[in-house]
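The next block holds one structure in the form of C-alpha cells; read it before the comments.
None of the figures in this text is laboratory data; all of them are computed from the coordinates on show. Note that this is a predicted model, so its numbers are computed, not measured. Positions of Cβ are backbone-derived with ideal geometry, glycine not excepted, and every protein chain shown enters the neighbour counts.
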Amino acid sequence: MPTFKLDGREIAFEKGETVIQAAHRAGIDIPHYCWHPGLSVAANCRMCLIEVMPPPGRPAMMLNVLAYDQRTGEYIDQQKPKLQPACQQVVSEGLEIKSESSKHVEKARAAVQEFLLLNHPVDCPICDQAGECRLQDYWLEHQHTGKRMRDEPVHKPKAEVFGPTIVYDAERCIVCTRCVRFSEEIALDPVLSVRERGNVNEIVVAPGRELDHDYTLMTEHVCPVGALTSKDFRFKARVWFLRTARTVCQNCATGCNAYMDYDPRNNTAYRHRPRENPEVNKYWMCDQGMLDYRRVHEDRLLDASIGGETVKVGTALDRAAETLRGVDPSKLAVLLSGQHSMEDNFAMLELATKHLGVTQVFATGRPAGKSDTILKHSDKNSNTAGVLQVAAPRKPLNFTALTSAIQSGTVTHVVAIGSGIEDDALAPTLRKLKGLVVIGTWNSPLSQAAHVVLPASSWAETDGLFINAKGMVQESEQAIEPLGQSRPAWKLAAAIGVRLGAPVPFKSLDELRSALSGTSPKSKRPLQSGAAQ
Ligand code: SF4
Ligand code: SF4
Ligand code: FES
C-alpha cells in the first residue's frame, strides 16, 4: 500500500483517499465539523486545515498577508503558507503533511474556532449537545482564549420547529451543511437548504414542506453542534450521566447496529443512535429504529399472571408446568418468535421438542410494514432468519397455520414465546385453546389470551444473538437491569423444564450459546459488532 507522511508518521492510504480519510482510518483525528465519512465533501468549515509541504526543490505555495505589529501599531507585509483543507486534499505517494506539528496550522485552527464562536450564544448550560459538542471540545483543544468581540452578536431564529421530530436553533448553527447533505444524499429528500450568506445565513426547510422524511433524526445526529435537537431527547438527560451499550435495533430485519444510551441511576433507556457497521447500516438508522428504544419502557409485561391475576413468577412457573404436564404431545404446539433472540428461541424449542415431545412448530412476529431502498426492511422482526436457523431442519409454519390447527382441534395446547403476531384479527382463535402459556415482553393479543403469562426481559435487559436479513449473526448487549419481575425468556423456559423434571442442559448464557452453536453451524460465524464512530 502506498504511504504518505503525517506529522512525521508513515500512513498507508488507498488511491483517491483524502488526508482526513486516511488519517481517520489510521485512528488519527484531524479536527473537523463539516466532514463526515458518509457524506460528500463540502470543505466549508476550514477546521481541518493542514500544511502541505512542497516537494524537495520546489517552493511552497505562499499567501501574502498583513500582520499587525503590536510594538509599532503598524501593519506589515508578511507571507504564510497556504493551508489546505484535509477533507479535500487528496493524498499521493510520498506527500508530507503537517497537522499537529505546524505552528501555522495551530494558529489557523484557533482562528477558525474563534470565528465560529463570534456570534454563538453562550447557552451551553441549557443546550442538549453540551458534553458531546465539537464547539466545546475544540475550544478546549485548539482555542483556549476568551471572546474578543464586544459587539452585539447577530441574532437569528431560535427553537424553530422543522417538523415532527426536529427543532432548529439558527444561532447555534455553524452552517456546516451536514444536515442538508444528509437529507439530499442519504435520505434522498433535498428538503433542507442554506439561505443567505455570511453571518446571517441559516438552514431552512423547503417552502411548503416540513422536515418529515423517514430519517429526520439522523440530521440531529450528524449536526456537530447543538443547532438541531431531537424533540424526543430535548431536555430529558445530560449526556455525562448516561452509559452506553452496543445493541442491535429490533424494529426490522435489517438489524442496524446501535448504541443504547441509558442512565444506570434510574435504570432508564434514553436514546438509540447508530453504531458504524459498513456491512449493515454504515453510519445511519431510520427514525422508527432510533425511537424504538422507547418500547423498552412502553406497554411492558412486568408481572407474571394466571388467568389475568398477578402472581409471583415462581407461582406462574408452577402453573405453566401443570398446564403442560401430561398433554398429548400430538396436540401440543410451540410458537417461536422473530422478535426474540436465538437463545430465547433455542431454549423454548429445546423445552418443547426434547422435554414435551412437541412436533408441531410454528413461528410468528410483528406484521410486515414499510420498506425502502435505504435501510428499512418490510419484515419488522429482528430475528426471523435466526428462528429459521434455530428450528432447522424443521420449517416452522406461520400463525395463520396455527389458527387453522386450533380451529380443527389438531392443536389444543400451545407454549409460546413473544408478543407480536402477524395478524391481530386472528387472535380470537387463541381463546379456543385449553392451555396457552406465553413468555412475552409486551402486552399483546397473545398475552391477553394466555392462561399463564411469564414476563420476559426486553433486548435492552439481556445479551442476545440475532440474525439479520443478510444472514449476519449480530450480538446485542445488555444495557439496563431487567424491569419489574421480568427475566430473560431462555431462563423462564429452562425453569419450566426444571419443574417438568427435565434435566436443564444449560445453566448460563455461555453454556446455552455452546449448545446453540452445536446445533446450528452458521451461528459460528464471527459476530458483527461494528467499530465505534
Ligand atoms: S444545523 Fe447543524 S448540521 Fe445543519 S448546518 Fe447547522 S451546524 Fe451543520
Ligand atoms: S432500518 Fe430497521 S434495523 Fe435499521 S434503524 Fe430502521 S428499523 Fe432499525
Ligand atoms: S472538515 Fe470542514 S473544511 Fe474540512
Problem set entry | Extent along principal axes [Cα atoms of region 10-96; Å; largest to smallest] | 49, 33, 19
For this session: Using θ = phi - 60° and the Karplus relation 6.51 cos²θ - 1.76 cosθ + 1.60, list the HN-Hα couplings for region 128-141 in order, rounded to whole Hz, with x at every Gly or Pro.
Result: 5, 7, 3, x, 9, 9, 5, 4, 5, 4, 6, 4, 5, 7
For this session: Please give the per residue volume of the convex hull enclosing the alpha carbon atoms of region 196-342, rounded to a whole number of Å³.
Result: 210
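Taking only C-alpha pairs under 8 Å that are 6+ residues apart, what is the relative contact order of the chain in percent?
11
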Exercise. Under 18 Å from the 7 Å Cα→Cβ point of T145, by amide nitrogen: which residues of region 81-100?
Worked result: 81
Exercise. How do 507-513, 361-367 rank on mean C-beta neighbours within 10 Å, highest first?
Worked result: 361-367, 507-513
Problem set entry | Order by protection proxy (mean Cβ within 10 Å, highest first), peptides 437-446, 54-63, 270-279, 117-126 | 437-446, 270-279, 117-126, 54-63
Exercise. How much of the calculated P(r) for region 316-360 lies past 18 Å, in percent of all Cα pairs?
Worked result: 31
Exercise. Roughly how tilted is helix 509-519, in degrees to the nearest 10 and between 0 and 90, from the longest Cα axis of the chain?
Worked result: 70
Exercise. How far apart, in nm, are two points set 7 Å out from the Cα along the Cα-to-Cβ line at K158 and at E322?
Worked result: 6.4
Seminar exercise, completed: tail above 21 Å in the computed P(r) of region 1-154, as % of all Cα-Cα pairs, reads 53
For this session: Using only Cα atoms, tell me the angle between helix 313-324 and the longest principal axis of the chain; keep it within 0 to 90° and round to the nearest 10.
Result: 50
Exercise. Under a Cβ-Cβ limit of 4.7 Å, which cysteines in the chain have nobody to pair with?
Worked result: C48, C87, C124, C127, C133, C173, C179, C223, C252, C286
For this session: May I ask for the angle, rounded to the nearest 10°, between helix 103-117 and the longest principal axis of the chain, with both axes built from Cα atoms and the value confined to 0 to 90°?
Result: 70
For this session: Mind checking which of A304, V41, W284 is farthest towards the positive end of the chain's charge dipole, using Cβ charges of +1 (Lys, Arg) and -1 (Asp, Glu) about the Cα centre?
Result: A304
For this session: Can you work out the PRE-style zone for D263? Point 7 Å along Cα to Cβ, and I want the residues of region 210-246 with backbone N under 20 Å.
Result: 229-246
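Out of the trypsin sites (Lys or Arg not before Pro) in region 9-48, which ones are loop residues according to DSSP with at most 16 other C-beta atoms within 10 Å?
Details: sites: R9, K15, R25, R46; in loops: K15, R46.
Listed in order of number, the matching sites are K15.
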For this session: Evaluate the relative contact order of region 358-429 (contact order divided by residue number), counting alpha-carbon pairs under 8 angstrom at least 6 apart; express in whole percent.
Result: 41
Exercise. Using the Cα atoms as the points, what is the convex hull volume per residue of region 316-394 in Å³?
Worked result: 106
Problem set entry | Cα-derived Rg to Rh of region 331-443, Kirkwood definition | 0.97
For this session: Work out, step by step, the length gained on full extension between S508 and T410: first 0.36 nm times the residue separation, then minus their alpha carbon distance; give nm to one decimal.
Result: 31.7 nm
Seminar exercise, completed: One would report the Cα pair-distance distribution of region 28-75, bin width 10 Å, in %, as 19, 26, 31, 20, 4
Seminar exercise, completed: Given a Förster distance of 22 Å, the FRET efficiency implied by the Cβ-Cβ spacing of L118 and L63, rounded to the nearest 0.05, works out to 0.50
Problem set entry | Burial ranking of peptide ranges 460-472, 377-389, 226-238 (average Cβ count within 10 Å, highest at the top) | 377-389, 460-472, 226-238
For this session: Between L188 and R234, take the C-beta separation as r, use R0 = 35 Å, and let me know the FRET efficiency to the nearest 0.05.
Result: 0.85
Seminar exercise, completed: Eigenvalues of the alpha-carbon gyration tensor of region 200-259, times 5 and square-rooted, give semi-axes in Å, largest first, of 25, 18, 10
Seminar exercise, completed: Place a point 7 Å from the Cα of L500 in the direction of its beta carbon; the residues of region 405-445 whose amide N falls under 11 Å from it are 414-416
Exercise. Which value at 222 nm does the chain reach when only helices count, each DSSP H run of 4 or more adding -39,500 (n - 2.57), with the total divided by all residues and rounded to the nearest 500 deg cm²/dmol?
Worked result: -5500 deg cm²/dmol
Exercise. Per residue, what volume in Å³ does the convex hull of the Cα atoms of the chain enclose?
Worked result: 172
Exercise. Over region 284-331, one equal point on each Cα, no solvent: what is log10 I(q)/I(0) by the Debye formula at q = 0.27, 0.29, 0.32 Å⁻¹?
Worked result: -0.98, -1.03, -1.09
Problem set entry | Sites N199 and S40, calculated FRET efficiency, Cβ-Cβ separation with R0 25 Å, nearest 0.05 | 0.55
For this session: State the Cα centre-to-centre distance between region 103-119 and region 39-100 in whole Å.
Result: 13
Exercise. Ratio of region 370-514's C-alpha Rg to 2.2 N^0.38 Å, to two decimals?
Worked result: 1.12
Seminar exercise, completed: Full extension between E96 and Q136 adds, at 0.36 nm per residue less the Cα distance, a length in nm of 11.4 nm
